[in-house]
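Notes follow the structure.
What follows draws every value from the coordinates through simple rules; no lab data is involved. As the structure is a computational prediction, the values presented were derived from the model and not from experiment. When we count neighbours, we look across all protein chains shown, and the Cβ atoms used for this are built from the backbone with ideal geometry, even at glycine.
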Amino acid sequence: MMRAMTAILVLAFYLAAPTLAPAQGGPEDRPGKERERLERWERMTPQQRQELRDRFERWKNLPPERKEEVRKKFEAWRKLPPDEKAKIRRNFERWRQLPPEERERLERRWERWRELPPERREALKRRFEKFLELSPKEKQELREKARERFQSLSPEEKNALRERWKERLERHRDKTDR
């Protein structure tokens, strides 16, 4: 998600690039879109202008294939319906509010997901979709069954299960820490 949002931001700043050049005359002397860009530039704080310059510099240093990838993502963004864009913006804002360690944890989880074979990802998606279709009562019953199954295990079986889960968790942490 961060990569996509970075791409969107970089491209947004790329599109604003003409406003980074010193203006000859005021915005009123410029045609249409260029005038709008200059007016936006004039409304920015000095800090916002510097951030834009910095991001534009990073854009200039991207390899051509990365720039093309960003352009395609931006084009896809432009084609999204407004409600979908609003949803993405809300999610991005929630992401920004997360503590850094939580973002890192989620990024590691996302990487693990991407490393799964496509057929495994599809199987997990289907199971999750099936779970989502359950009523709240059915979901609760499923949780209770799992709890009951765990409670019915002998202390040795419970410990063995805990150990297996610890090992799995450690393997995943090892993979994501590399």
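Once R0 is set to 41 Å, what does the formula 1/(1 + (r/R0)^6) return for the Cβ-Cβ distance between Phe131 and Arg58, expressed as a FRET efficiency to the nearest 0.05? Present the calculation step by step, with values, prior to reporting the outcome.
Values: r = 41 Å, r/R0 = 1.00.
So, using R0 = 41 Å, E works out to roughly 0.50.
Over 29 Å between Cα atoms: which of Lys73/Lys166; Lys85/Lys130; Lys130/Lys166; Lys85/Lys125; Lys72/Lys139 fall into that group? Mind showing how you got there, number by number?
Details: Lys73/Lys166 39 Å; Lys85/Lys130 27 Å; Lys130/Lys166 27 Å; Lys85/Lys125 23 Å; Lys72/Lys139 40 Å.
Distance filter (> 29 Å) returns Lys73/Lys166; Lys72/Lys139.
Specify whether the C-alpha gyration tensor of region 117-163 places it in the rounded, prolate or oblate class, a ≥ b ≥ c being the square roots of the eigenvalues: rounded for a/c under 1.5, otherwise prolate if a/b is larger than b/c and oblate if not.
Oblate is the answer for region 117-163, as a/c is 1.5 or above yet b/c matches or exceeds a/b.
Could you tell me the convex hull volume per residue, in Å³, taken over the Cα atoms of region 104-144?
On the way: hull volume 3.4 nm³, N = 41.
In region 104-144, the Cα hull volume divided by residue count equals 84 Å³.
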